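One structure below.
The values are calculated or read from the model by the stated rules, or taken from the named source; none is laboratory data. This one's a predicted model, so the numbers in the text were calculated from it and none came from an experiment. Quick reminder, even Gly has a Cβ in these numbers, built from the backbone with ideal geometry, and neighbours come from all protein chains shown.
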Amino acid sequence: MIEPERMKGIVQRVDALRRDYADRDARHQTVYDARAQRIDNIAPGTMPDAWPKPITANMIDISARQLAENLAPLPSINCSTGSGTSEAAKRRSAKRTKIAYSYIIDSRLERQMPRGCDWYLMYGSMPIVVEPDFKSGRPVLRIDNPMGSYPEWGLNGEIRSYTRTWRETARRLAAKFPMHESAILGKRDATWNSGQSGDTELEVIKYMDAHCVVLYMPERNNLVLAYMDNPFGKVAVAIALKPSYDDQDRGQFDDAVYPFLARNRVAMLGLQATNQAVRAPLALPTDVQKISFGDDAVIRTDSPDKIRRVGGDIPTAAWQQDSLLAEEVMRATRTPRAASGDIDASIITGKGVEALAGGYDIQIRTGQLTIGQAISDAIELAFEMDERFWPEAQKEISGVINGTPFEERYTPSQDIKGSYRVSVSYGFASGMNPNQALIFLLQLRGDQLVPRDFVQQQLPMDMDVQELQKQIDREGVVDALKQGVYAMAASIGVLAQQGMDPTETLAKMAELIKLRDKLPFEEAVLRAFAPKEQPQAAPADPMAALLGGGPGALDPGTGLSPDVAPGQAQLGPGGAPDVMTMLAGLTSSGRPDMRATVSRKVPA
């Protein structure tokens with residue numbers, strides 16, 4: 001249990017943080033109401049009873065969804081240290097990279113990213129909370145809702161404390177904390193005097209710092225629902241903050257709310273004017289005594305040109321004002337017309353499209369830099385938490401990186417070993433057009449300004465660079481092996497023309513074709529071209545074998561082979577002269593005559 005004095009200090013600290021963030025909370029609530037189309041909460045009485053919702057497109061919601069979908073893809077993760085060039089260092093870096101991806105996969109962070117990026121654009125921040133899952137024995141990354149969150153920053157930008165508030169029905173809270181059911185439901189006791197319905201929403205506050213984590217309910221006399229000391233020793237939260245001109249969180253659409261409401265108001269007035277113009281009374285000449293209504297109705301009069309509706313047309317200024325407000329909403333949400341396809345630009349060169357979409361790409365690039373840094377900080381916290389809480393645990397991880405499945409085993413104390421650094425990148429050309437970025441990378445690589453490893457790391461996709469390079473090298477060797485086999489097959493005709501027997505080569509090629517249906521190409525080549533085992537002869541007396549009259553035996557009388565004439569016993573194979581004989585002849589200039597002659601001499 002927490003001491004009363006310490007709990008009192010935490011409550012005072014949280015109340016002070018909420019006062020500091022009061023203006024930000026008001027902006028968050030305004031943007032939330034505008035996006036949820038709760039207009040009466042912002043400007044009461046502006047919506048008629050017949051039209052309780054806006055009749056114009058909710059550009060705040062549309063822009064937020066469109067930008068969030070572009071920001072949502074995860075960056076590539078690499079744990080290379082930069083100084084590790086040996087194969088062992090590369091293997092360690094590749095294993096840490098797979099561990100980092102396992103955190104992402106197990107936390108289902110890819111599924112959380114669209115909502116988190118939506119919050120980042122709407123409220124100006126995206127907190128990523130790293131929590132230990134003691135059931136599965138690994139850290140988990142969770143994106144928190146910045147609405148109702150209160151981080152406390154230190155001098156160097158570190159997070160000293162993190163507070164999260166939300167509201168939940170008393171019935172659900174009682175089910176989660178049955179030991180406090182009576183107090184949560186507000187039954188009669190010495191503290192409060194009236195019971196409440198289980199559907200009553202109550203505020204819950206979660207506070208954590210480097211020393212403790214506490215969950216309490218301020219509306220139940222600061223009832224502590226859960227408390228624990230913080231064994232991690234730091235606040236495991238990484239926050240992506242949208243750039244702001246002051247020290248407050250400011251979202252993308254803070255300045256777009258009232259232009260959006262003004263445009264809706266103009267649209268409502270135009271609808272009202274149109275309704276009045278259609279339902280206005282008729283002005284008729286004095287000679288009309290009977291009025292007919294319906295299809296093909298006939299009104300008899302001597303002055304038909306005087307029959308009209310009472311009232312006036314909608315002024316042209318109203319349509320101009322609607323167009324002006326629509327442009328202001330687009331400008332406030334920073335959404336170019338090129339993003340929705342509503343453009344009037346050159347489709348031949350595309351320069352107009354690029355100019356209109358330039359600001360949109362810059363927004364995505366800036367958001368990727370900020371969110372990528374927060375993801376990097378969160379993974380580093382996960383590495384440290386994994387090593388501190390489960391140092392000697394043998395863990396198995398699996399997943400898919402760039403379509404390549406992987407399985408790995410690791411021990412945090414051995415494979416992490418204090419190395420928490422993570423490189424997170426969307427690619428240096430993430431804000432560029434994809435075709436331009438690819439050409440730019442290829443040009444850098446073609447001029448040998450960057451290595452192939454750099455180009456692979458900058459591609460906008462999640463991949464294991466080391467494993468990818470292994471596959472490329474393997475494919476290159478296999479391709480070279482195929483070319484060698486193809487060259488051998490193409491030389492069969494030449495061998496036959498030279499009088500050699502190509503039967504053995506043909507047989508090996510046929511065996512290779514059969515094995516390829518069952519085995520990879522390299523294994524099929526090894527089996528098809530494996531050398532045949534030579535039969536081993538029984539050991540015998542060498543002199544007996546030579547003098548025994550068998551094949552290759554020596555003549556007992558001369559001691560020579562039958563293939564050697566008696567006069568050639570001192571000559572080389574086939575009667576070739578020795579080196580001394582070859583060097584004995586000289587030309588007229590004194591140079592040695594290197595021509596070789598064969599002299600066969602048989603005595604009479």
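Take the residues in segment 48-71 that are surrounded by 20 or more Cβ atoms within 10 Å (Cβ to Cβ) and under 23 Å from the mean Cα position of the chain (by Cα); name whichever of them is nearest to Glu328 (Cα to Cα).
Ser63
Among the residues of segment 51-71 satisfying the criterion of being in contact (Cβ under 8 Å) with a residue 40 or more places away in the chain and not in a helix (DSSP H, G or I), which is nearest to Ala100 (Cα to Cα)?
Asn58
Residues in segment 268-284: is at least one of a type in the set (A, V, I, L, M) and in contact with a Gly (Cβ under 8 Å, 6 or more places away or on another chain)?
Checked against the condition, which is being of a type in the set (A, V, I, L, M) and in contact with a Gly (Cβ under 8 Å, 6 or more places away or on another chain), segment 268-284 yields at least one hit.
Could you say whether any residue in segment 215-230 is touching a residue at least 40 places away in the same chain (Cβ under 8 Å), closer than 30 Å to Ile371 by Cα and small (Gly, Ala, Ser)?
Checking segment 215-230: not a single residue is touching a residue at least 40 places away in the same chain (Cβ under 8 Å), closer than 30 Å to Ile371 by Cα and small (Gly, Ala, Ser).
Considering only helices (runs of 4 or more DSSP H) fully contained in segment 459-557, which possess at least 2 residues that are modelled with pLDDT of 65 or more and within 30 Å of Ala72 (Cα to Cα)?
465-490
Quick one: which of Val224, Val257, Val235 is modelled with pLDDT of 85 or more, hydrophobic (A, V, I, L, M, F, W, C) and within 23 Å of Gly154 (Cα to Cα)?
Val235
Among the residues of segment 358-377, which ones are of a type in the set (Ser, Thr, Tyr) and touching a strand residue (DSSP E or B) at 6+ places or on another chain (Cβ under 6 Å)?
Thr370, Ser376
Looking only at segment 331-367, filter to residues that are touching a Lys or Arg at 6+ places or on another chain (Cβ under 7 Å), in a helix (DSSP H, G or I) and surrounded by 15 or more Cβ atoms within 10 Å (Cβ to Cβ); which one of those is modelled with the highest pLDDT?
Among residues in segment 331-367 that are touching a Lys or Arg at 6+ places or on another chain (Cβ under 7 Å), in a helix (DSSP H, G or I) and surrounded by 15 or more Cβ atoms within 10 Å (Cβ to Cβ), the one modelled with the highest pLDDT is Gln363.
Between residues in segment 408-427 that are under 16 Å from Ala374 (Cβ atoms) and residues that are surrounded by 16 or more Cβ atoms within 10 Å (Cβ to Cβ) and of a type in the set (Asp, Glu), which pairs lie under 6 Å by C-beta distance while being six or more apart or on different chains?
Tyr420/Glu380; Tyr420/Glu384; Val422/Glu380
Got at least one residue in segment 72-90 being buried (at least 20 other Cβ atoms within 10 Å of the Cβ), assigned to a helix (DSSP H, G or I) and touching a residue at least 24 places away in the same chain (Cβ under 8 Å)?
Among the residues of segment 72-90, not one is buried (at least 20 other Cβ atoms within 10 Å of the Cβ), assigned to a helix (DSSP H, G or I) and touching a residue at least 24 places away in the same chain (Cβ under 8 Å), which makes the answer no.
Of all residues in segment 1-19 being touching a strand residue (DSSP E or B) at 6+ places or on another chain (Cβ under 8 Å) and farther than 15 Å from Asp209 by Cβ, which is modelled with the highest pLDDT?
Among those residues, the one meeting the criterion is Arg18.
Would you confirm, using the coordinates I've provided, whether Thr301 is surrounded by 13 or more Cβ atoms within 10 Å (Cβ to Cβ), modelled with pLDDT of 80 or more and assigned to a loop (DSSP other than H, G, I, E, B)?
Answer is yes for this residue.
How about segment 378-422: which of its residues are in a strand (DSSP E or B), touching a strand residue (DSSP E or B) at 6+ places or on another chain (Cβ under 8 Å) and surrounded by 18 or more Cβ atoms within 10 Å (Cβ to Cβ)?
Listed by number, the residues that qualify are Ile397, Tyr410.
For the list (1) over 28 Å from Leu67 (Cα atoms); (2) hydrophobic (A, V, I, L, M, F, W, C); (3) touching a Pro at 6+ places or on another chain (Cβ under 9 Å), I need the number of the one condition that Met113 fails.
Among (1) over 28 Å from Leu67 (Cα atoms); (2) hydrophobic (A, V, I, L, M, F, W, C); (3) touching a Pro at 6+ places or on another chain (Cβ under 9 Å), Met113 violates only (1).
Give the residues of segment 1-50 that are in a helix (DSSP H, G or I), among the hydrophobic types (A, V, I, L, M, F, W, C) and in contact (Cβ under 8 Å) with a residue 24 or more places away in the chain, sorted by residue number.
Selection gives Met7, Ile10, Val11, Val14, Leu17, Val31, Ala34, Ile39, Ile42.
For segment 136-155: of the residues being under 16 Å from Ala240 (Cα atoms) and polar (S, T, N, Q), which is surrounded by the most Cβ atoms within 10 Å (Cβ to Cβ)?
Ser149
With the requirement that a residue be hydroxyl-bearing (Ser, Thr, Tyr) and surrounded by 13 or more Cβ atoms within 10 Å (Cβ to Cβ), what does segment 502-532 give you?
Selection gives Thr505 alone.
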